[in-house]
Every structure is written in structure tokens, then in C-alpha cells.
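This report refers to the structure that appears directly beneath it.
Values in this text are rule-based calculations from the coordinates and carry no lab data. Quick caveat, the model's predicted, so the values are computed rather than measured. Please note: Cβ atoms are built from the backbone with ideal geometry, for glycine as well, and neighbour counts cover all protein chains shown.
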Amino acid sequence: MKKGDDDPHTWLNEHGDYLYRFAMSRLHNEELAADMLQETLLAGWKGFDRFAGQSTIRTWLVGILKHKIIDHIRREIRGRNLNEAIENDPTSAYFNANGSWSEAPNAWKENPEDLFSNEQFNKTLESCIDKLPEKQQLVFRMRDISGEDTQTTCKTCDVTTTHLHVLLHRARLALRICLNIHWFGKGSAS
Amino acid sequence: MKHACKEVSKLASDSLDRPLSFFERLKFKLHLSMCGHCRDFDSNITLIHNITEMMHATDYGQTRLSEQQRKRLHDSLNSSIE
Ligand SMILES: [Zn+2]
């Protein structure tokens, strides 16, 4: 072990940008990424006796950061979501008994590049994701926002692949409606 | 064909996460060729999916902590560690 290996200030100086970029790539939010970095440095400092020295400090810290991010997503969703009851079979809200659309989707005219760079749209999207029931939101955030693969998402969220697909289907039905109401349905929204 | 919209919307969603089987794809394409609502649904959720893909494809290679953030982190480490 070299000097400074156990000092979180040194970690911040040497690995801070790297860890911050990692957090940004999962969360896409500067303030949140910095918070996660802070929690990671502190957890590393408190748990330094568990660092076995088999990996580099950086790899070890990334491991802690990954857990912090997943914990955060879980915690956030639990704290905010009150909509759990409709998680049973929400698809009945979108389709008639015979399986046809109860409210027909319509075409959206805007292209993904413009929307992606539109801050207002990103806020709308975020608030629609926030309204999803817990499990749907968790899998949608892991899979589509953080870009985790199917296997990791299933393992982290404790669902089967089949259930994951059911939850994503429900999440997308709900998101589509929400965006249609709050963005695309507004005429010249952009 | 209308009775199949619910099922087809699931295939549209699944196709973003896994390859559809031959028969699923056949059913899906056939239905879309006849149903504008499901075509719109498919393109709506594909658009959302494309946007989220852009998010995690964002290259943060040049991203750095700002001096302000860095200072705040050092400060909060100091106050937590002492
Ligand atoms: Zn249809």
C-alpha cells in the first residue's frame, strides 16, 4: 500500500473525475452524481478495512459506487411512489375487453435528436418516469435510463426475464400516455 | 384483427428488449400492416427508446468535476471525517 491509499481526499483527487463520469453515465444528473460520489468516498473510508488490496482502489470504489447508485434508485422510488395498487393489471386501462385500444395512439411528429437535446422535454420525460409504479420504474430506470443489460436488471430487481418484459411493457404504455398528454398532445409543444 | 392490439403492443415492447421469434415477427408485421394504431404505438415507444439510448450512449469522456463541486466534496469529507 502506498501513502495516501486510505485517504478519501487522495481518492477524490485521483479518481474523482473517473467516478463522477461513471455516475453521470448512469444517472445523467450532475447534482445526483456528485452526491453519489460523496457517499462512495465516505463509505470507502468507513469500510476501508474491507479493501483487500486484490483490486485497485479505483475498481474497489467503482464497486461501491455501483451499489450506491442502485440503492439510490430503489430508495427514491420507494419514497415517492403511491401508485402501487394499479400495478396489478394496468393494461386493462389501455384496452377494451376485446383487446382493442380504448384510446387510440396517434403519430408523434418530432424526432429523437431534437427531443434529446430539449431540456424541457427531458424534464417532462423525467416527471412521467417518476409517476410510474415502483417495480415498473425500477426496471425502466435500470434497463432504459442506466442502460444495464437484461441479466443485470433481472438480478438487481429480483425478477425473471418474462416478468421484466411484462413490467417494461406496462411502463411503456404508461409513459406513452403521459408524454402524449404532457408533451405531444400540446400541439406545437416544441 | 382488432382483438390482437393488446397482444401486439406487448410484441412491440418486447422487440425493444429481445429478438422476436419467427412467428411472433410474422404476427407483428402482419398486424402492423393493417393497424395504424399499433403502428403509431410502435413508433411512439421506439421514439422513447431511441431517446433513452441516446442518454446512455452519451460520452462523458470530457466531463469533469467542477472546481466548485470538488471543493464542496473536500469540505464535506472534512466535516464527516473529523
Ligand atoms: Zn392494432
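For chain B, the cysteines with no partner cysteine C-beta closer than 4.7 Å are B:Cys5. Between the residues B:Ser9, B:His74, B:Gly61, the greatest Cα displacement towards the positive end of the dipole of chain B, with unit charges on the Cβ of Lys, Arg, Asp and Glu, is found for B:Ser9.
Relative to the longest principal axis of the Cα atoms of chain B, helix B:22-34 runs at roughly 80 degrees.
Packing here is the average count of other Cβ atoms within 10 Å per residue, and on that basis the peptides A:22-32, A:170-180, highest first, run A:170-180, A:22-32. On the beta carbon distance between A:Asp6 and A:Asp158, with R0 = 22 Å, the FRET formula returns roughly 0.05.
When only Cα pairs below 8 angstrom with a gap of at least 6 residues are kept, chain A shows a relative contact order of 19 percent.
Descending by average beta-carbon neighbour count within 10 Å, the peptides A:34-46, B:10-22, B:49-61, A:6-18 line up as A:34-46, A:6-18, B:10-22, B:49-61, the highest first.
An oblate overall shape is assigned to segment A:92-186, the ratio a/c of its alpha-carbon gyration tensor axes (a ≥ b ≥ c) being 1.5 or greater and a/b not exceeding b/c. When the C-alpha to C-alpha distance is required to be over 29 Å, the pairs from A:Lys46/A:Lys155; A:Lys68/A:Lys109; A:Lys123/B:Lys29; A:Lys66/B:Lys29 that qualify are A:Lys68/A:Lys109; A:Lys123/B:Lys29; A:Lys66/B:Lys29. Charge dipole (Cα centre; +1 on Lys/Arg Cβ, -1 on Asp/Glu Cβ; no other charges) of segment A:8-79 amounts to roughly 320 debye. Cysteines in chain A lacking any other cysteine Cβ under 4.7 Å from their own Cβ: A:Cys154, A:Cys157.
On average, how much area does the Cα convex hull of chain B cover when viewed from any direction, in nm²?
Over all viewing directions, chain B projects a mean Cα-hull area of 9.4 nm².
Once fully extended, how much extra length lies between A:Glu110 and A:Ser55, figured as 0.36 nm per residue of separation less the alpha-carbon to alpha-carbon distance?
Gain on stretching A:Glu110 to A:Ser55: 15.1 nm.
Relative to the longest principal axis of the Cα atoms of chain A, the long axis of helix A:57-80 makes an angle of roughly 40 degrees.
Please give the FRET efficiency for B:Phe23 paired with B:Ala57, using the beta carbon to beta carbon distance and R0 = 35 Å, rounded to the nearest 0.05. Show your work: numbers first, answer last.
Values: r = 32 Å, r/R0 = 0.91.
Efficiency, rounded to the nearest 0.05: 0.65.
In summary, chain A shows an alpha-carbon radius of gyration equal to 1.24 times the 2.2 N^0.38 Å reference for compact globular proteins.
Angle of helix A:8-27 to the longest C-alpha principal axis of chain A, folded into 0 to 90 degrees and rounded to 10: 10°.
Modelled spin-label separation between A:Ser117 and A:Trp45, with each label point placed 7 Å from Cα along the Cα-to-Cβ direction: 4.1 nm. The sum of -39500 (n - 2.57) across all DSSP H runs of n ≥ 4, divided by the residue count of chain B, sets its helix-only mean residue ellipticity at 222 nm to -24000 deg cm²/dmol.
Go through A:Thr156, B:Pro19, A:Gly185 and say which Cα lies farthest out towards the positive end of the charge dipole of the protein assembly as shown; charges sit on Cβ, +1 for Lys and Arg, -1 for Asp and Glu. Towards the positive end, the residue furthest out is B:Pro19. Considering only A:Val166, A:Val62, A:Val139, the Gaussian network model of chain A with Cα springs below 10 Å gives its largest mean-square fluctuation to A:Val166. Per residue of peptide A:160-166, the mean number of Cβ atoms on other chains within 10 Å of the residue Cβ is 2. Computed per residue of chain A from DSSP H runs no shorter than four, each worth -39500 (n - 2.57), the mean residue ellipticity at 222 nm is -19500 deg cm²/dmol.
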